[in-house]
Amino acid sequence: MKLLLLAGTAEARRLARALAGMEGISAIASLAGATSDPAPLALPTRTGGFGGGKVQAAWMREQGIDAVLDATHPFASRIKARTARIARALGLPCLHLIRPPWRAGPGDDWREVESTAETPAHIPPGATVLLATGRGTLADFAPLAGQGRRLISRQIEVPDAPFPWPGGEYLAARPPFSLDDEIALFQRLKVDWLVAKNAGGAGARAKLDAARALRLPVLLLARPAPPEGEVVESVEAALDWVKRL
Ligand SMILES: NC(=O)c1ccc[n+]([C@@H]2O[C@H](COP(=O)([O-])OP(=O)(O)OC[C@H]3O[C@@H](n4cnc5c(N)ncnc54)[C@H](OP(=O)(O)O)[C@@H]3O)[C@@H](O)[C@H]2O)c1
């Protein structure tokens, strides 16, 4: 059986390792090519966007894909929805692995918003804001720019272009980040507010623990709606699904 693994997360790397050693499965991984130097996967890997749904569907047919395991990031909603549609049209089994969101605990000061348009209502003028939301979404924070807010956008690879608004800056940094590193960074930058996606998982959690330790408020972007179809929350459940195919 030939499986397509849509990758781009730590979970996908774990799945690739497990699938590489699984009898009766030939799997190919796909990366969007969002970063120039991604951690290697234990499977043959194609890299780069497909160039749209039609091309993806044609590629899947040509490759003789029998099933799709989507382990992309919880906020990668376009590729998830599109892949679900393609799998349905081709009559292929398709599973989405979406790790559980983070939940606030004692000592956390989190506000969850559905959209970046809501951010200025929460974050006061003049605040120093660390946008730990990755690349691709910075333009969405235009409503937050101005009013003396200092916006710092942390990204793995920062663009060559200048920061889109006055008084803001890029910060190039490659995860993982430890709790101590995050605390030191927030103190050095004099961060007043942290903005993050509710990505869930352990890998990106340290920033929230640092915010709790420093009693900083956090604005969390809520999860996009899940795709239609079967969803599991763990690598183990996804591997069980593969074994049942
Ligand atoms: N969104 C995040 O916060 C985040 C965080 C960490 C990692 N990532 C990873 O980065 C990638 C892009 O995320 P996104 O939020 O930009 O996704 P998205 O909005 O759902 O998809 C945007 C486009 O990226 C391409 N794409 C996405 N995942 C792909 C994959 N695994 N293989 C081939 N093409 C893929 C497709 O391009 P075409 O239309 O050209 O086919 C898709 O239309 C994903 O693989 C995701 O797992 C995302």
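No value in this document is a laboratory result; all are computed from the given coordinates. Keep in mind it's a predicted model, so treat the numbers as computed, not measured. Quick reminder, even Gly has a Cβ in these numbers, built from the backbone with ideal geometry, and neighbours come from all protein chains shown.
If we count other beta carbons within 10 Å of each Cβ, what is the order of Lys2, Lys243, fewest first?
Lys243, Lys2
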Non-local Lys pairs in the chain, i.e. 8 or more apart or on different chains, that have alpha carbons under 21 Å apart: 7
task: Figure the gain on full extension for Val55 and Asp109 (residue separation times 0.36 nm, minus the Cα-Cα span) and round it to one decimal in nm.
output: 15.0 nm
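Quick check: from the Cα gyration tensor, does region 1-82 come out rounded (a/c under 1.5), prolate or oblate?
Values: a/c = 1.61, a/b = 1.08, b/c = 1.49.
Oblate, because a/c is 1.5 or more while a/b does not exceed b/c.
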statement: Most exposed first, judged by fewest Cβ atoms within 10 angstrom, Thr83, Thr116, Thr72, Thr128 run Thr128, Thr116, Thr72, Thr83
- request: Would you please classify the overall shape of region 110-221 from the alpha carbon gyration tensor, given that a ≥ b ≥ c denote the square roots of the eigenvalues, rounded means a/c under 1.5, and beyond that prolate means a/b larger than b/c while oblate covers the rest?
  value: rounded
GNM result for the chain, Cα springs below 10 Å: residue of Arg150, Arg223, Arg215 fluctuating most strongly: Arg215
- line: Over all directions, the chain yields a Cα convex hull whose mean projected area in nm² is 13.7 nm²
task: Go ahead and estimate [θ] at 222 nm for the chain from helices alone: -39,500 (n - 2.57) per DSSP H run with n ≥ 4, summed, over the residue count, rounded to 500.
output: -8000 deg cm²/dmol
